[in-house]
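Right, one structure below, let's go through it.
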Amino acid sequence: MINFLFLNKILIVLVLTFGIYLAFWVYFANRRSKTNQLFALMMLLALFWITLCYLSGISTENLELSLLLGRLAYGIAILFFIPFYFFFIRFIGEKREFLFLKILIPSGSLIIFFLSVFTDFMAKEMVPATFVGVPIGVVPVLGRGSFIYFGFVFFVAVFVLFLLIKRYLKSLKIEKIKLQYFLFGILIFVIANLVFNVILAFWQRDARYYQIGNYSVIFLLGFTAYAIVKRELFDIKVVLTQILVGAIAILLLVNVIGSETLFEYIWKGALFGVFLIFGWLLIKSVLKEIKYREEIRKAYEVEKKAHKELKKLDEAKTQFMMATQHHLRTPLTSMRGYLDLILGGSYGKLRNKKIKEKLKRLEISSKRLAKVINELLDISQFQLGKEVVNLQPNIQIEPILKEIMEELIPEAEKKKIYLKLEKPGKKLPSIKADLEKLKVALTNIVDNGIKYTDKGGVTIKLKIENYKLKIVIEDTGMGIDKEELKALFIRTFERGEQAKKVYTTGRGIGLYIASQIIEAHNGKIWAESEGIGKGSVFYVELPVG
Ligand code: ADP
């Protein structure tokens with residue numbers, strides 16, 4: 001059995017040393033801060049209090065002196081609340097001035113202090129105590145004022161907890177960790193007091209560990225000190241693990257010291273040693289896990305931020321493109337309108353052939369420019385996720401293809417290649433489509449076929465397969481590399497290496513637009529090629545009906 005008085009002696013030395021260290025640590029961390037000064041004062045009062053308690057309880061020789069010390073202890077304990085109140089308000093960053101409490105707590109504390117020290121308000125007398133026949137020092141007999149005393153303590157505690165929890169719920173993460181430390185400190189202090197000073201001392205009439213309740217104030221102050229001084233607070237789990245391991249280690253060590261035989265020394269010492277190793281491993285693993293989690297969280301946050309920035313940038317780019325195109329398109333439309341009127345003879349007959357010819361060129365160029373602007377506008381809208389396609393029922397594909405043929409046959413003829421349309425014998429079903437957009441998509445594909453073919457030509461075939469309309473655009477041109485095939489419809493402004501040589505003014509957006517339009521039609525688009533020089537086949541599949 002561990003000698004109680006011996007344990008008490010060890011504990012008071014440990015608590016005092018640690019407490020003095022904490023007071024200095026916090027005070028010198030920031031000498032000018034009121035919070036730190038108040039903390040140091042609180043610590044000194046607390047240490048003074050537990051020392052007085054200790055001294056008042058050890059000797060049965062001079063009960064008169066014990067009573068004086070005991071009363072002083074009660075007095076100092078209540079004085080503690082004055083710096084505690086002001087410290088607490090600062091610590092949680094409370095902006096309100098509770099005028100009532102600001103007066104009540106200091107004056108109430110002072111009155112109770114005087115009553116406790118100079119009258120039998122708190123301690124009537126000191127009596128020697130025993131536990132199962134063994135003397136354990138002296139304990140106070142409480143006076144009539146003790147209800148007021150404990151009522152006051154209870155009132156301040158409830159108020160503090162109420163404010164603390166309210167503030168906790170409103171705080172940000174870093175603030176929360178700081179408050180968690182404080183909360184845990186209070187919690188340990190309250191639980192220890194309940195166990196040792198209330199349950200054991202009053203209920204079980206075992207006053208041996210009475211002082212331990214007092215000593216637990218070191219947890220409250222220790223946690224708080226840590227939260228004040230450290231900027232980067234550890235997750236509270238690490239600290240709790242350390243404290244638990246530390247507390248068990250101290251108990252085991254005391255156990256070793258209390259051994260009586262050599263054999264006892266050896267096995268208790270071994271137990272202590274094994275525990276130290278496991279305790280160390282436990283702390284290390286908790287630290288590692290927390291570090292790992294922190295790293296994951298940081299990486300995730302960096303990625304999230306980058307993703308957000310990218311998205312913002314992308315949207316800004318698209319918005320910018322749209323605004324620019326709008327400003328380009330409006331004047332262009334009016335230019336084309338006037339050009340139309342001039343060529344149509346609205347302002348008189350054009351007699352000069354050269355001027356007429358140049359104006360015709362101007363018209364062709366402006367048409368091309370309008371096409372580019374429209375394409376860019378479409379891209380921006382697709383990228384913004386806007387509905388660009390307006391599907392209508394009962395659309396026939398053949399007239400669309402015929403129009404495309406009419407527009408592009410002159411191009412093919414210029415290159416001396418053919419452009420053919422192969423229809424199946426039977427009538428084709430109608431589809432749901434946006435006539436204009438579908439035409440743009442198919443024109444882009446057929447146009448490419450002509451652009452990238454020098455010998456042979458381009459054939460358009462129409463088929464019905466699995467209740468789907470399949471448009472096959474086949475050319476005998478330069479073909480597409482396997483690698484390039486993959487990226488064909490995905491990226492904008494991407495062009496094949498070969499293509500750049502053959503057709504220098506391409507922009508690499510035609511197929512992207514085509515694929516977006518076909519997808520908006522709930523269709524599919526893909527390409528096949530045997531390789532460079534072996535021609536290409538483009539497939540467009542659209543649902544029927
Ligand atoms: P552009 O033709 O303006 O470069 P596109 O988006 O229409 O842009 O085409 C992208 C790229 O796909 C072309 O640069 C070319 O490398 C390749 N390509 C498209 N169609 C064909 C085709 N019929 N034959 C060979 N290559 C093609």
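What follows draws every value from the coordinates through simple rules; no lab data is involved. Since the structure is predicted, the reported quantities are computational estimates derived from the model, not experimental observations. Backbone-built Cβ (ideal geometry, glycine too); neighbour counts: all protein chains shown.
Numerical summary
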{"read-out": "Size descriptor, Kirkwood hydrodynamic radius, that averages inverse alpha-carbon separations across segment 4-231, Å", "value": "18.4"}
{"read-out": "Within the chain, helix-based [θ] at 222 nm, where runs of 4 or more DSSP H residues each add -39,500 (n - 2.57), nearest 500", "value": "-22500 deg cm²/dmol"}
{"read-out": "Residues residue 262 and residue 31, FRET efficiency given R0 of 51 Å [Cβ-Cβ distance, rounded to 0.05]", "value": "0.50"}
{"read-out": "Angle between the chain longest axis and helix 435-451 axis [Cα atoms, degrees, rounded to 10]", "value": "70"}
{"read-out": "Alpha-carbon Rg with Dmax, taken over segment 1-134, Å", "value": "17.7, 55"}
{"read-out": "Global form of segment 350-394, assessed from the alpha-carbon gyration tensor, a/c cut-off 1.5", "value": "oblate"}
{"read-out": "Relative contact order of the chain, pairs being alpha-carbon contacts under 8 Å that are 6 or more residues apart, as %", "value": "8"}
{"read-out": "In degrees, nearest ten, helix 510-520 long axis to first principal axis of the chain (Cα)", "value": "70"}
{"read-out": "All lysines inside 29 Å of residue 9 as judged from Cα atoms, apart from same-chain residues fewer than 8 positions distant", "value": "124, 268"}
{"read-out": "Between helix 236-257 and the chain: long-axis angle, C-alpha atoms, 0 to 90°, nearest 10", "value": "30"}
{"read-out": "Proportion of all alpha-carbon pairs of segment 392-543 beyond 20 Å (%)", "value": "45"}
{"read-out": "Translational diffusion coefficient (Stokes-Einstein; Kirkwood radius from C-alpha pairs) of segment 263-361 at 37 °C, 0.692 mPa s, in µm²/s", "value": "151"}
{"read-out": "Highest average packing first - 517-529, 186-198, 98-110, Cβ atoms within 10 Å", "value": "517-529, 186-198, 98-110"}
{"read-out": "Three semi-axes of the equivalent ellipsoid, the chain, Cα gyration tensor, whole Å, largest first", "value": "93, 29, 19"}
